[in-house]
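In what follows, a structure is listed as structure tokens, so that the remarks can point back to it.
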Amino acid sequence: MKFAYRFSNLLGTVYRCGNLNFTCDGNSLISPVGNRVTVFDLKNNKSDTLPLATRYNIKCVGLSPDGRLAIIVDEGGDALLVSLVCRSVLHHFHFKGAVHSVAFSPDGRKFVVTKGNGAQLYHAPGRRREFNAFVLDKTYFGPYDETTCIDWTDDSKCFVVGSKDMSTWVFGAERWDNLIYYALGGHRDAIVACFFEADSLDVYTLSQDGALCVWQCDTPPAGLRLKAPSGWRADLQRREGDEDEEDNEEEERAVRGKAAPAAEEQQGKVRYSRLAKYFFNKEGDFNNLTAAAYHKKVHLLVTGFASGMFHLHELPEFNLIHSLSISDQRVASVAINSSGDWIAFGCSGLGQLLVWEWQSESYVLKQQGHFNSMVSLAYSPDGQYIVTGGDDGKVKVWNTLSGFCFITFTEHSSGVTGVTFTATGYVIVTSSMDGTVRAFDLHRYRNFRTFTSPRPTQFSCVAVDTSGEVVAAGAQDSFEIFIWSMQTGRLLDVLSGHEGPISGLCFNPTKSVLASASWDRTVRLWDMADSWRTTETLALTSDALAVTFRPDGAELAVATLNSQITFWDPENAVQTGSIEGRHDLKSGRKELDKITAKHSAKGKAFTALCYSADGQSVLAGGRSKFVCIYHVREQILRKRFEISGNLSLDAMEEFLNRRKMTEFGNLALIDQDAAEEAGVAIPLPGVKKGDMSSRHFKPEIRVTSLRFSPTGRCWAATTTEGLLIYSLDARMLFDPFELDTSVTPARVRAALRQRDFTRAILMAFRLNERKLLQEALESVPWDEVEVVSSSLPDLYVEKVLEFLASSLEVSHHLEFYLVWAQKLLMAHGQKLKARCDWNRYSLRFALAVSQQRGLKRASEAPGSEEEADGSDEDDESLHLLGAGPGDADGLRP
């Protein structure tokens, strides 16, 4: 097996912090999730996480007007210039300070960032090849406190900046003669948002205390006059002009001088006047305004509040259109799509993301991750669904294809400790610290069984046998294992013998044997067919933390507290091997740790363990940012994955940051960010406003559960960042093989005009833009397809076939694409066949399993339920290999 697993998607978390953005077509939503960015395709109901990450949590995202580029800035001031077309990072930049917001100008030529108490204007990276993509044009000062928000005029001539010092500043993007800057007051709290009116210099400003000010400008945008150059700029223009035109020289000399006072008074400066002031909190209840967005075409103002409410108003009359409470946490970000129909809300407290269609008053998207960390996960037998359980007591089922959660079960009243699917894939069994084990039906989406113990106890793990009839759960406080019947819900047996908490349970996939791991340094094997008698007791050198069977049931792996993974033969109770993982896990150092990570005993043990689908490798993780894959037979480390590089999490750095150490202690003990949301600003003595209990902390990075997909194509891990999926099926959108500056869309079309079809197709696949690929392939005449297909290199044959397979479903040129497929297979079929022999053997194996189960059912007494279950399992085994239900006859060789 080649371990070319790449990060594929991020589930379980839909929004963390930062600002939301709609794409230019209004059909997709860009949401920052920790230090990653997820794109939600609302039209096709899919989510996709970009394969890039920042060093800290993302603070703000700026999207270019054409939707091709995005500037992503994290909390540390590091910026990434990202191409959303090829999903890759184009440039790295550091702003040397915390950035609060970033916004492109409507013409796409410039962008502004708010940093500290000023604003910086940069030349936006264009389509030209540039060595430095971020070129500083001007720096604007004026506010006395941190700047918070930006907005541009429609003609990109001016921009407005709001500040925490309760003032709003209008700046000119060019050197205007009648507008250099203009300061607007009138508020009694920090400015949250400021907006220009469409095709006007009129401004709306909103403050945190719920006040809206409407400012009217006496000058239209067309009335702005460019300031005449003076000094060396005028000399430069004079040298570049025609030297023999004396009239122009006289005019330039006149411009360099001071204008007459009468002319200046006549022309005048830009002036603002306040037309009205409105208040959102009319009832007198104090409710902070936290986010706002304005759509200039439909004059729609959306405001979000700390109580979870939002209001829709029509401006400038301030008519209330709609008001609704969507959460009990503060609304952190608001965005409106280009048509003005959909409104996106992000609530960072609970990790909620909602898209609301305000005209029909319905949800387009309503997603929420786990409030606390996820603890466990399980794949469905067909690999299509993933179920996760969290410390918040919720059980969520995710679709791996779309990336969305489609059902949430909230019956547990405490943290969920274990989740698993039955063999049919339609029942989920979960264990919880509330003393119950529950079974959920995915057909009717209900809790149809609740298993309890005679005495209240906390369950730490759960397992279901291959038939789905027996449910086992381990207790954390009574050291017992409880066995129930799925059909009746009755308690069948209580297994005693362990002298410590049960840390893991696992049924043998091929036999009726249950393995239980405990902190008493033993693993016990219980025989279900022999009245649950203990057949073997495996003595370990340390506390057992995880246990799992190989898919064929011939081997058992155990992770212990001394950082070892031991392998056992369950039949003979003989240890067959061990792996020392002490130096592979490499846990990081916390900010408050007194000793180094190298000498720390914490986090040096694997707490999650699972076999790969073929049983040749084992996946292990723990309280670290690394996940290790070991080869079982060779007992060597194959690959180590770094699941996160987010420095906003604790235990990420290997060494101590000496800059935070003072003679009075560590600066990490001081909650510096308490005043960002609703907390009390600690540096200001005597402050009484805010929530005294509000505290910020850095969650520790850890891996709580690992599972391989039954298909073997991907594996998933529940971490502090969310549910991470690593896949072999990562789509390749940009192939830099033999790519140079000469490979451009214009060169591709030039090659097509010259009828050099092979070169055009190769360049199109290197650029990997779908429309360009379609244009290149469809430009080839049908009678030349055979010649072109035979001249393609082997590296690109599979790519062409993949493109043809995806295009056959949507294209009208069915016969043309079939001709392409036929000629490619005739020219390169032998080489492709040599790589695809494994598929033939997999289908033979599926048929053998199907026939064996059919003979087994025929020998047993017929029962309606058993027959139905058996047929479902046969269909699932075939579906797992790419065949649909009922296709067994068509697969016979």
What residue, among those in the stretch 761-808 that are among the hydrophobic types (A, V, I, L, M, F, W, C), part of a helix (DSSP H, G or I) and open to solvent by 50 Å² or more (accessible area, probe 1.4 Å), is modelled with the lowest pLDDT?
-> Leu795
3 or more residues under 28 Å from Asp41 (Cβ atoms) and under 26 Å from the mean Cα position of the chain (by Cα): qualifying strands (runs of 3 or more DSSP E) within the stretch 270-379 = 289-295, 300-305, 333-336, 342-347, 352-357, 362-368, 374-379
Inspect the stretch 637-647 for any residue being modelled with pLDDT of 90 or more, within 24 Å of Arg6 (Cα to Cα) and of a type in the set (Phe, Trp, Tyr) and give the result as yes or no.
-> yes
Could you tell me which residue of the stretch 199-238 is modelled with the highest pLDDT, considering only residues that are of a type in the set (Asp, Glu) and in a loop (DSSP other than H, G, I, E, B)?
-> Asp202
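Would a scan of the stretch 114-121 turn up a residue that is closer than 27 Å to Lys277 by Cα and surrounded by fewer than 17 Cβ atoms within 10 Å (Cβ to Cβ)? Break it down stepwise before answering.
To start, the set of residues in the stretch 114-121 that are closer than 27 Å to Lys277 by Cα comprises 114, 117-119.
Now drop any that are not surrounded by fewer than 17 Cβ atoms within 10 Å (Cβ to Cβ), which leaves 117.
Yes: the stretch 114-121 contains one or more residues that are closer than 27 Å to Lys277 by Cα and surrounded by fewer than 17 Cβ atoms within 10 Å (Cβ to Cβ).
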Of the residues in the stretch 422-440 that are open to solvent by 10 Å² or more (accessible area, probe 1.4 Å) and part of a strand (DSSP E or B), the one that is nearest to Gly474 (Cα to Cα) is Thr436
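Taking strands (runs of 3 or more DSSP E) that do not extend beyond the stretch 2-74, which have at least 2 residues that are open to solvent by 10 Å² or more (accessible area, probe 1.4 Å) and either of a type in the set (Ser, Thr, Tyr) or more than 22 Å from Trp152 (Cα to Cα) (or both)? Working first, answer last.
Details: elements: 6-11, 28-33, 36-41, 46-49, 58-63, 69-74.
Those strands (runs of 3 or more DSSP E) span 6-11, 36-41, 46-49.
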Lone unmet requirement of (1) over 32 Å from the mean Cα position of the chain (by Cα); (2) at pLDDT below 95 for Val471 | (2)
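The values are calculated or read from the model by the stated rules, or taken from the named source; none is laboratory data. Predicted model, so just to flag it, every value in this text is computed and none were measured. Glycine gets a Cβ as well: all are built from the backbone with ideal geometry, and neighbour counts include every protein chain shown. SASA here: full protein model, heavy atoms, side chains in, ligands and nucleic acids out. Shrake-Rupley method; radii C 1.70, N 1.55, O 1.52, S 1.80 Å.
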